[in-house]
Each structure stands twice: as C-alpha cells, then as structure tokens.
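Participant: Supplied in structure tokens, the structure appears directly below.
Bear in mind that the values in this text are calculations on the coordinates, not laboratory data. Keep in mind that what you see is a predicted model, and the values were worked out from it rather than measured. Please note: Cβ atoms are built from the backbone with ideal geometry, for glycine as well, and neighbour counts cover all protein chains shown.
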C-alpha cells in the first residue's frame, strides 16, 4: 500500500515537473516571438518616420519655391511701378520746364503787345484827327453836313437793298416751286409704293355652270313659265343656248346678277323648280344679299379703322362691292383710295383718319338707292351731308371731280389718290382697239424722227424703247432725241401716268477671220 502510494506520488511529481518544463519552454518561445514582433514594429516605425520626414522636407521645399516665386513677382511688379513712376516724374518735370518757358514767352509777348498797343492808340488819335479834318473839308465842299450825307447814303442803300431783295425773293419763289414739285412727286411715289392692292375686273355677264343639259329644260319650265318668272323677279336676262353645261346671266346690275345666280344655284340644288318656289327662293336670296351688303360695309369700316359712321352709309359702302367703274371694282377702288389718302395725309402732317374716311366715301354717289340726274360727286356730297359727315369730308367728296370749289386740303389729296388708283396699269378696263391704237400711235410718233430704226412700246405702253442707227445718230443726238420725243408725246397724246422713253444706240464692229 505504501509502495503504491509512493508510485502514485512519483507519477504525479513527474507530471508536475513535465508541465513545469513545458510552460517554461512555452514562455521562452512567447518572449522570443514578442521581441521579434517588437523589433519589426520598431523597424516599420523608423521607416514610416523617415518617409514622413522626407515628405515634410519635399512639402517645405515646394512651399519655399512657391513663396520665392511670389516674392520675385512682387519684386518685379515693384520694379515696374518704380520705373513707371520715374518715367512719369521725368515727363512731369519736362512739362513743368516747358510751362515755365512758355510763361516767360507770354510775359515777353505781353510786354510787346502793350508797347504795340500804345503805338496803335497814338496812330488812332492821329487818324481821328485826320478824319475830322477830312470830314470838315468834305462838308465845306459839298455843302452838306455829315448827318445829311449819311441820310442820303442810307436812302440809296435802301433802294438798292429793295431791288436786290426782290430779285432774291423771286429766286426763292422759283426754287420753292421746283422744290414743291419735287417734294410732291416724292410724296406721291412713296404713297403709291406703300399701298398695294388687287384689281378686279368685272363684266356685265355671269356664267352659271350646270351638271347636264337636262336642267336647262327644268329651268325653262312648261311654256317658259319658270324662266319668265325668274327674269321678272330678278330683272336679269337669262340666256339658255347651245353652250354646253352653262347658262348665261346678262345684266348691268351686279347685285341683281348675284341674286339671280344664287337663286338658280339654290333651285338647282333643291330640285323643286316652279313659279311659287322661285318667288320664295328669290325673296330669301334678296334678304341674304342685303345682309351680306351690310356685313361687307361693317367689315370694310373695321378693316380701315373707321368708326361712328351712319348705318345707311355703311350699307352703301357694302353695296359698292357689287358695282364696278370702268371694269374696276368700286369697293376695292374706294379701299385703295382710302389707304392712299391716309398715307399721303400722314406725309403732309394732316389728319389721316379724316383723309381715309373721305377716300372711302368719295364714290358713294355711284351706289344710290334711287336714280338721280346729279353727278356722282355731288350726289355723294349730299348723302354725306344728309348723314352728318364732317364738312371737310363732304367737301372732299363733292370736289374730287371739281364740280364744287375745294375749300380744304383733304380735297386735292382725295382727287390725286383717286387718279392714282384709276391710273394703275390693269386697274381699269380699256377698249382693246383704243389700247392697240394708242400703242401704234406711240410707235409711229417715234418712227417719224430721222435715224430711228425700230420702236417698241412695252409694259402696257408705259415704256417706249427707240433703237437708232449708230451711223445716223450720235450719243448727244440720242439724248436730245429722248428729250424731244418725251415733250412731243406729252403735248400730243393722252395717257394715264407717265411714259418712259429709252433711246438705244448700239455700235458694232464686225470682222471676219479667213
């Protein structure tokens, strides 16, 4: 038992010694490892320290370089400013010296002027004495005092001044006439250029197109009762002939022609054509046209900016849409004249609104409800007076064809603008035979001059081109021919507007290479 215990004790003691030895070894290993880690950390720390020191040195050197650059720039700027100041100082010093020199010169000049002035005063005194002496001698010789002689001289100068003034005034008047004519041409040309319009040419015949010829029989009706009813109600002659797919409406009243055309259109579209239906449709169409006339008058006044016009005058303005004068639509003509008048009045410093109103109403006497024997200008003036228009407007309407005396400046403006609108190329229909004859007369007149080879009337007779022979007519003679021809056309022919005469002289040198 004791032996067993001893063995156990010995075993436990050996185990304890083994554990003790192993812990000692382990401690030595840990200690050695920690020393190794510590050394590594110290080495890394030294490396990081050296890197940071190097970075700090580089940063320091960079900052030092930048600072030196800034300092150098400042030093350079200071040197420049110093040099500039030195230059300015030198310039100021030089100018100061120049001023001192000029001051000395002025002092010397003042002294010289003072001495010269004293000499001049002395000579003036001598001259005054001499003049007094001469005046006394002249008075003794002439028997007149100085005042009397002065009065005679003044009278003589007055007479001479009056005669010269009269000549001068006459020259001014002649120049003013020339300038006024030139200014008037400029105003008229500018007015025409600033006003553009379309020209509509109307005829006394309207054509109503149909789909087939069977409708003609229905329009004629049994024994012609339908067509007779339609003609009686509209006052328009309806011509149904062999023209394919067309019916001709003939009449000088455009309003009645339009009523007949619209009525036919409604009857053909509806298909019911008999006297009772025709009477009903014509009555409705007349009311429709009347309403359209009123609307057209209102729209025209609104477009032109004209207000407070009598409803009856507005209706007459709308009625002008269905009238024509020498083939020119009356409403279009009146609108154009209104715009021309407004432009011209503005150029002349007058009231453009009144001028536009007078221009629109100037032909209102051509569309009265009742026929009158008065000229349309006088009738238009009476209508304008009846409906309380302005006196200036009434006078402009009545005097645009010089039937009454012009009392306002608006009257000649309306007259001129009416002529401008009617004289535009294509504005009014002209008889073809008369137009062709006028062109022939124009060309024949030019051909009557010696040396003229060919003549051409172009641009609707607005320009005449004359070709002359180079051998027979010189350059100076060509210019003289153009002038003489213009004067002869102006004296012998009647034409609207103006005609441009162009004389062409061409020299040709021809040779042949063989």
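Participant: Could you tell me the center-to-center distance, by alpha carbons, between the range 238-276 and the range 339-413 in angstrom?
Facilitator: The range 238-276 and the range 339-413 have Cα centres separated by 37 Å.
Participant: Would you list 54, 379 from fewest to most Cβ contacts within 10 Å?
Facilitator: Ranked by crowding around the Cβ, least crowded first: 54, 379.
Participant: Return, ordered by residue number, the residues of the range 241-269 whose backbone nitrogen is under 15 Å from a label point located 7 Å along Cα→Cβ of residue 207.
Facilitator: Of the residues in the range 241-269, 241-250 have backbone N under 15 Å from the label point off residue 207.
Participant: Could you give the angle, 0 to 90 degrees to the nearest 10, between helix 2-142's Cα long axis and the longest principal axis of the Cα atoms of the chain?
Facilitator: Orientation of helix 2-142: about 40 degrees from the principal axis.
Participant: In whole angstrom, how far apart do the alpha carbon centroids of the range 441-475 and the range 53-112 sit?
Facilitator: 84 Å
Participant: Express the Stokes-Einstein translational diffusion coefficient of the range 432-505 in µm² s⁻¹, to the nearest whole number, given a Kirkwood radius over alpha-carbon pairs, 25 °C and a viscosity of 0.890 mPa s.
Facilitator: Roughly 199 µm²/s, to the nearest whole number.
Participant: Given the peptides 285-294, 343-352, arrange them by the average over their residues of other C-beta atoms within 10 Å, most packed first.
Facilitator: Packing proxy ranking, top to bottom: 343-352, 285-294.
Participant: So how do 493, 406, 47 line up by other beta-carbon neighbours within 10 Å, fewest first?
Facilitator: Lowest count first: 47, 493, 406.
Participant: Rounded, prolate or oblate, given the Cα gyration tensor of the range 332-481, with a/c below 1.5 counting as rounded? Please report the intermediate quantities before stating the final value.
Facilitator: Details: a/c = 3.56, a/b = 2.33, b/c = 1.53.
Because a/c hits 1.5 or more and a/b exceeds b/c, the range 332-481 counts as prolate.
Participant: Figure the gain on full extension for residue 16 and residue 148 (residue separation times 0.36 nm, minus the Cα-Cα span) and round it to one decimal in nm.
Facilitator: 30.5 nm is the gain from fully extending residue 16 to residue 148.
Participant: May I pose another question? Cα-Cα pairs above 36 Å in the chain: how many percent?
Facilitator: Cα-Cα pairs of the chain separated by over 36 Å account for 71 percent.
Participant: While we're looking at this one, here's another question. Angle, helix 275-304 long axis vs. longest principal axis of the chain, Cα atoms, 0 to 90°, nearest 10?
Facilitator: Orientation of helix 275-304: about 60 degrees from the principal axis.
Participant: Now for a different question. Extension gain residue 36-residue 401, at 0.36 nm per residue separation less the Cα-Cα distance, in nm?
Facilitator: Working it through step by step, the gained length comes to 118.2 nm.
Participant: Is the shape of the range 205-423 rounded, prolate or oblate, going by the alpha carbon gyration tensor and its root eigenvalues a ≥ b ≥ c, with a/c under 1.5 for rounded and a/b larger than b/c for prolate? Numbers along the way, then the final one.
Facilitator: Numbers: a/c = 2.77, a/b = 2.62, b/c = 1.06.
Note, shape of the range 205-423 comes out prolate.
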